[in-house]
1. Does residue 90 satisfy being away from ligand 4 (no atom under 16 Å from the Cβ) and either surrounded by fewer than 11 Cβ atoms within 10 Å (Cβ to Cβ) or within 25 Å of the chain's Cα centre (by Cα) (or both)?
2. Within segment 146-176, work out how many residues are out of contact with any helix residue (DSSP H, G or I) (no Cβ under 6 Å at 6 or more places or on another chain), assigned to a loop (DSSP other than H, G, I, E, B) and not aromatic (Phe, Trp, Tyr).
3. All but one of (1) farther than 29 Å from residue 79 by Cα; (2) of a type outside the set (A, V, I, L, M); (3) within 11 Å of ligand 1 (Cβ to nearest atom) hold for residue 175; state the number of the condition that does not hold.
4. List, please: which pairs have Cβ atoms under 6 Å, are six or more places apart or on different chains, and start with a residue in segment 85-104 that is in the same structural domain as residue 119 (by TED's automatic domain parsing) and part of a helix (DSSP H, G or I) and end with one that is polar (S, T, N, Q) and within 13 Å of ligand 3 (Cβ to nearest atom)?
5. Out of (1) more than 14 Å from ligand 2 (Cβ to nearest atom); (2) on the phi < 0 side of the Ramachandran plot; (3) not aromatic (Phe, Trp, Tyr), the odd one out for residue 139 is which?
6. Only residues in segment 64-82 that are not assigned by TED's automatic domain parsing to the domain that holds residue 121 count as the first member; pair them with residues that are exposed (fewer than 11 other Cβ atoms within 10 Å of the Cβ) and not in a loop (DSSP other than H, G, I, E, B), Cβ under 9 angstrom, at least 6 apart or cross-chain, and list the lot.
7. Which of the residues belonging to segment 140-176 are touching a residue at least 12 places away in the same chain (Cβ under 8 Å), farther than 23 Å from residue 130 by Cα and within 8 Å of ligand 3 (Cβ to nearest atom)?
8. Just wondering, is there one or more residues in segment 108-116 that are away from ligand 1 (no atom under 11 Å from the Cβ), surrounded by 10 or more Cβ atoms within 10 Å (Cβ to Cβ) and assigned to a helix (DSSP H, G or I)?
Amino acid sequence: MPRAKSPTIAAPAGVACDLLSPHSVRQRFEGSAHLIRLAVVAAAFVVLFLLLRRAVVPAGFGQYGHFRPAALKEIAAREPVFAGREACAGCHDEIVQAKSKGPHANVGCEACHGALGAHANDPSALKPTLPVAVHLCPTCHEADAAKPKSFPQVVSLTHSGGASCVDCHNAHQPKL
Ligand code: HEC
Ligand code: HEC
Ligand code: HEC
Ligand code: HEC
């Protein structure tokens, strides 16, 4: 079947069908009020976005890159919460010595005792609470097929039957 010709809109009699003639322009924008309303709403959103952006983007952002330069100073000014391994030696030398001779030599004090920067700065300001061995030790030593076979592991329930790990092992020199 031959394709039907698309209908053509006949220009009103006596009017030259010039696309730019005032009549033609009026005709083309006839009934476009809804589009103008849409454009106004879109423009309002763009203005709102620009105002919000101005209000919430912090000063300096973008000066050197996708970050705020002042953030570096703020982070550097924070008080460290960990004291570091060397800090404990001055006052707990016996434990440091004992630990260095056993399998926990490479386990940092604060890995078990938690962050103690405040205590190391001033021991009387913060007295550390001792870790509870039955909860602490299995976090590293509970048997798990995902751990390397060479890492010492126990099934704590059958290994100690609920008794505290430090009944038999010394936390700082655990090798029996
Ligand atoms: C400036 C000396 C000093 C430094 C440094 C220090 N401690 Fe202490 N620590 C003490 C003193 C003194 C006590 C006893 C506090 C008390 O009994 O009130 C203590 C107590 C403790 C206790 C509690 C002992 C108990 O019997 O309850 C733990 C745990 C401890 N320190 C761990 C650490 C660790 C880990 C570090 C390193 C991050 C450290 N300390 C750094 C002086 C120090
Ligand atoms: C593997 C975990 C672990 C590490 C590493 C560790 N501790 Fe402990 N520490 C413990 C546990 C658990 C206790 C509590 C022992 C108990 O309940 O008898 C303890 C007790 C203590 C005590 C109280 C006194 C005592 O001898 O029981 C001090 C002080 C202490 N630790 C300091 C240190 C310091 C200093 C280091 C680093 C040189 C360190 N600990 C490393 C687990 C650890
Ligand atoms: C932060 C992890 C961690 C915690 C917590 C921890 N250990 Fe260990 N433990 C280790 C590491 C690492 C080794 C050394 C493993 C190696 O040599 O391959 C080790 C070694 C040991 C060994 C020696 C095993 C052997 O045959 O050589 C014993 C026993 C032991 N730990 C008991 C304990 C006890 C008891 C506690 C609780 C007081 C404890 N561990 C808490 C990490 C931990
Ligand atoms: C009744 C005493 C006793 C208690 C309580 C105890 N153990 Fe043991 N543990 C032993 C003996 C004995 C050995 C074997 C001697 C050795 O290899 O050092 C051992 C060995 C280990 C080993 C080394 C295993 C290996 O394959 O090399 C780890 C790790 C261990 N114990 C962790 C723990 C943990 C964690 C707890 C607490 C949940 C605990 N133990 C409680 C007596 C005990």
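The values are calculated or read from the model by the stated rules, or taken from the named source; none is laboratory data. What you are looking at is a predicted structure, and each value in this text was computed from that prediction instead of being measured. No Cβ is skipped: glycine too gets one built from the backbone with ideal geometry, and neighbour counts run over all protein chains shown.
1. yes
2. Total satisfying the criteria: 16.
3. (3)
4. Correct list of pairs: 98/173.
5. (1)
6. That search, which allows pairs on different chains as well, returns 68/74.
7. The one that is touching a residue at least 12 places away in the same chain (Cβ under 8 Å), farther than 23 Å from residue 130 by Cα and within 8 Å of ligand 3 (Cβ to nearest atom): 152.
8. No, there is no match, as no residue in segment 108-116 is away from ligand 1 (no atom under 11 Å from the Cβ), surrounded by 10 or more Cβ atoms within 10 Å (Cβ to Cβ) and assigned to a helix (DSSP H, G or I).
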